[in-house]
1. Among the listed residues Ala96, Ala73, which satisfies the condition of being more than 14 Å from Tyr168 (Cβ to Cβ) and either at pLDDT 95 or above or of a type in the set (A, V, I, L, M) (or both)?
2. Quickly run through the range 17-33 and pick out the residues that are in contact (Cβ under 8 Å) with a residue 60 or more places away in the chain and farther than 20 Å from Tyr60 by Cα.
3. Does Phe80 fit the bill of being surrounded by 15 or more Cβ atoms within 10 Å (Cβ to Cβ), at pLDDT below 95, aromatic (Phe, Trp, Tyr) and touching a Lys or Arg at 6+ places or on another chain (Cβ under 7 Å)?
4. Do you know which residues across the range 119-150 are more than 30 Å from Ile56 (Cβ to Cβ), within 28 Å of the chain's Cα centre (by Cα) and at pLDDT below 80?
5. Among Gly14, Gly18, which is the only one that is within 23 Å of Ala181 (Cβ to Cβ), buried (at least 16 other Cβ atoms within 10 Å of the Cβ), modelled with pLDDT of 80 or more and not aromatic (Phe, Trp, Tyr)?
Amino acid sequence: MKQNLYLNTLLNGGAILGLVMLCSHIFEQCAVVYGGSMVWFSIMGFEMVAAAALYIWMLYRFTKNYSLSVMEAQSGIKMFSYGRGLSCVVSLSTLAGVIVGLGRYIMHHFVIGHQTYLKAMVTSMQTALSSSPDSSSIMSAYEPMLKQMMTQPELGVLATIFSSVWSYMLWGTLVGLIIAAKVKHEPNLFDNKTEE
């Protein structure tokens, strides 16, 4: 019963979280490839902040609901440990990373194309750098880096997924340290109340 509850929470919550973050990633890539202007960069900045806030809130809600379900299934002393909350957050975030990584590979490899994506990234950086007052000296300083970007090899599907999983696992752990403290419920073993 407890295992089924955990798997249901992980699969449902992780899938929803992964799809939401994949939509955010697709929007950001489209803004770079098909937008490429400072207006689109500003919109993308606001979208990234909103997506990060939504990501944290959803991790909290899924973990909170899981903790309440676990305590409801318990008889006697109700408790939900810090470690259990942290492992739930990290697992949810890791599954989301798998979905985002797979979607990112499909987007870059099949929809946009690797070379098209690299050209768009370089053009976007040139647009951002040219808006500076001293753009000519800045452009010459960044020229080697931009040329190097154009020669980057395309990552395979496993490398793309691993990269995404690693970053989502790391962020899930950092955020989970706080979320787990908020959702934990442990009985007070040193209760000062005495029976009359």
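1. Of Ala96, Ala73, the one residue that is more than 14 Å from Tyr168 (Cβ to Cβ) and either at pLDDT 95 or above or of a type in the set (A, V, I, L, M) (or both) is Ala73.
2. Of everything in the range 17-33, those that are in contact (Cβ under 8 Å) with a residue 60 or more places away in the chain and farther than 20 Å from Tyr60 by Cα turn out to be His25, Ile26, Gln29, Val32, Val33.
3. yes
4. Across the range 119-150, the qualifying residues are Val122, Thr123, Gln126, Thr127, Leu129, Met145, Leu146, Gln148, Met149, Met150.
5. After applying the criteria, what remains is Gly14.
The values are calculated or read from the model by the stated rules, or taken from the named source; none is laboratory data. All figures in this text were calculated on a predicted structure; none of them were measured in a lab. Cβ: placed from backbone, ideal geometry, glycine included. Neighbour counts: every protein chain shown.
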